[in-house]
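Before any comments, here is the structure.
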Amino acid sequence: MIHYISPERLTIARVKEIIDDHYELALSGVATERINRCRAYLDKKMETQKEPIYGVTTGFGSLCNISISKEQLSQLQKNLVMSHACGVGDEVPADIVRLMLLLKAQNLSYGYSGAQLQTVQRLIDCYNNDVLPIVYQQGSLGASGDLCPLANLMLPSILGMGEVYYKGVRTDVKDVYAQLGWQPIELQSKEGLALLNGTQFMSAYAVWCVLKAQRLSLQSDQILTLSLDAFDGRIEPFYEALHIVRPHKGQLDTARNVRQFIEGSEIIRRNKEHVQDPYSFRCAPQVHGAAKDTIAYVASVVETEINSATDNPVVLPDEDMVISGGHFHGEPLAMVLDFLAIAVAELGSISERRTYQLIDGKRGLPSFLVAKPGLNSGFMIPQYAAASIVSQTKQLCTPASVDSIPSSQNQEDLVSMGANAATKCYKVMENVERVLAIELFNAAQALEFRRPLKSSPFVEKLVADYRKVVNFVEIDEIMFKHIHASVKFLQSL
């Protein structure tokens with residue numbers, strides 16, 4: 001199957017479909033026409049305009065007042081890519097690099113950047129042939145575009161320098177070029193800027209994090225339902241009539257999910273001796289719901305971003321203008337990535353509290369969820385692990401977007417730090433997935449102490465599937481293997 005890159009709106013749901021169903025990419029006719037038209041306009045503009053054009057006939061950043069001769073314009077763009085490839089730290093995961101290629105090709109297809117058709121096509125060819133440049137997580141200020149990581153992306157894919165993962169194997173890119181019959185692309189005026197002055201590092205992380213957050217939000221509701229019955233909780237806090245009088249959409253959706261997942265449970269219908277449940281159960285619609293509403297808002301901002309021209313200067317053929325502005329600035333993404341991290345972190349925080357309630361020896365459950373505590377520590381330390389992860393997650397939620405360190409001789413005097421917000425948010429997603437896996441591990445164990453009573457068909461199937469990879473713990477076992485298996489189980493749902 002083929003996805004045709006075009007100026008039509010690209011949704012996050014469509015990106016997920018492209019990735020999950022292994023679509024190949026191709027340029028639509030409209031995109032091809034727009035790319036060629038913009039490039040032709042820019043070439044003509046350079047012939048007729050005497051005044052300097054930033055980044056086209058001048059240096060970059062604080063060197064914007066230095067004019068460059070026509071004979072040096074190609075070397076200027078090549079130098080830009082080489083000098084800016086300063087990435088350090090851990091490698092960017094392959095899924096994110098693949099998204100960067102997709103989103104950069106999409107960004108250039110709008111015809112406001114002046115890129116050559118062959119340059120855009122090369123990014124698509126890298127995507128389709130599983131040629132993934134090695135990009136590093138640290139180096140971008142998220143302001144003059146994601147200069148550093150995008151330079152590392154372009155160094156092998158466009159200039160033929162450095163290393164890539166080719167079909168999963170780390171390889172010198174020159175060997176890949178030889179196999180595929182490729183040649184390095186000679187960059188034309190402005191192309192280096194078009195390739196580096198964008199938000200595709202932040203955007204790729206943002207798309208991945210939104211998709212992960214949507215998945216974690218649903219799984220939070222599913223695991224909550226299992227924990228609710230395992231804890232012998234009450235259903236009243238999930239009644240629709242209650243939430244209609246405070247009708248936040250996410251809150252209503254969470255309550256409805258739990259009602260559907262718990263339908264048919266023997267445990268939830270039986271008489272309860274307790275009048276109220278702790279907040280981690282009773283207020284779950286409010287907490288999970290607020291996270292849902294945040295995820296939806298963040299998704300709307302991210303979709304606007306991936307459907308925008310984000311480099312500089314912006315080439316506007318219809319208006320006969322080449323305008324130097326600030327569309328590369330990552331502030332819109334920086335703020336919502338911080339917000340998303342906070343929202344999903346709360347799903348982890350409330351999950352850990354439910355885990356604690358399950359091991360605390362309440363409501364007929366044995367201490368630490370083993371029949372003979374003392375000789376056996378049971379589920380004591382999985383909760384420690386969850387608490388440790390939650391604490392780290394809270395630290396990762398310190399906003400990156402409120403920080404700024406000026407650069408480029410103070411020409412770039414307020415930066416977004418959106419790249420740091422992005423990589424922190426990614427870690428939050430991984431952490432919360434682990435915390436939810438630990439809650440699942442505990443809740444499935446606790447439910448067995450309610451037998452012979454049955455939970456709902458949905459919960460019983462969830463537990464039955466889970467038991468194919470994680471057994472009931474009779475006596476002390478090596479627990480980390482079960483936690484790792486629980487994480488993989490959630491990833492498979």
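Each value in this text was obtained by applying a stated rule to the coordinates, not by laboratory testing. What you are looking at is a predicted structure, and each value in this text was computed from that prediction instead of being measured. In this analysis, Cβ positions are derived from the backbone assuming ideal geometry, glycine residues included, and neighbour counts consider all displayed protein chains.
Checking the Cα-Cα distances for Lys44/Lys190; Lys212/Lys454; Lys427/Lys488; Lys454/Lys488; Lys16/Lys292 against a 22 Å cut-off, the pairs over it are Lys212/Lys454; Lys454/Lys488. Only the Cβ atoms of Lys and Arg (+1) and of Asp and Glu (-1) were treated as charged; on that basis the dipole of the range 2-198 about its Cα centre amounts to roughly 600 debye. Using R0 = 30 Å, the C-beta based FRET efficiency linking Leu414 and Tyr356 works out to 0.10. By the Stokes-Einstein formula, at 0.692 mPa s and 37 °C, the range 205-492 with its Kirkwood radius over alpha-carbon pairs has D equal to 160 µm²/s. The share of Cα pairs per 5 Å bin across the range 104-152, counted from zero up to the longest distance, runs 4, 18, 22, 25, 22, 9, 0 percent. Equivalent ellipsoid of the range 356-410: semi-axes from √(5λ) of the C-alpha gyration tensor, largest first, are 45, 11, 4 Å. With the simple model of a label 7 Å out from the Cα in the direction of the Cβ, Val275 to Gln179 spans 7.0 nm.
Considering every alpha-carbon pair of the range 2-198, the percent of pairs per 5 Å bin, from zero through the bin containing the longest distance, is 1, 8, 16, 20, 20, 17, 11, 5, 2, 0. Note on the range 278-411: the alpha carbon radius of gyration divided by the globular reference 2.2 N^0.38 Å gives 1.64. Convex hull volume of the C-alpha atoms in the chain, normalised per residue: 159 Å³. Of the residues Ser74, Ala178, Gln106, the one whose Cα sits farthest towards the positive end of the charge dipole of the range 2-198 is Ser74 (charges of +1 on Lys and Arg Cβ, -1 on Asp and Glu Cβ, taken about the Cα centre).
For the range 205-492, a crude dipole built from +1 on the beta carbon of Lys and Arg and -1 on the beta carbon of Asp and Glu, taken about the Cα centre, is about 1720 debye to the nearest 20. For Lys461 and His248, the FRET efficiency from 1/(1 + (r/R0)^6), where r spans their Cβ atoms and R0 equals 30 Å, is about 0.50.
The rule of thumb for compact globular proteins, 2.2 N^0.38 Å, goes into the C-alpha radius of gyration of the range 152-294 1.78 times. In the range 192-266, the convex hull through the Cα atoms has an average projected area of 6.9 nm², a quarter of its surface area.
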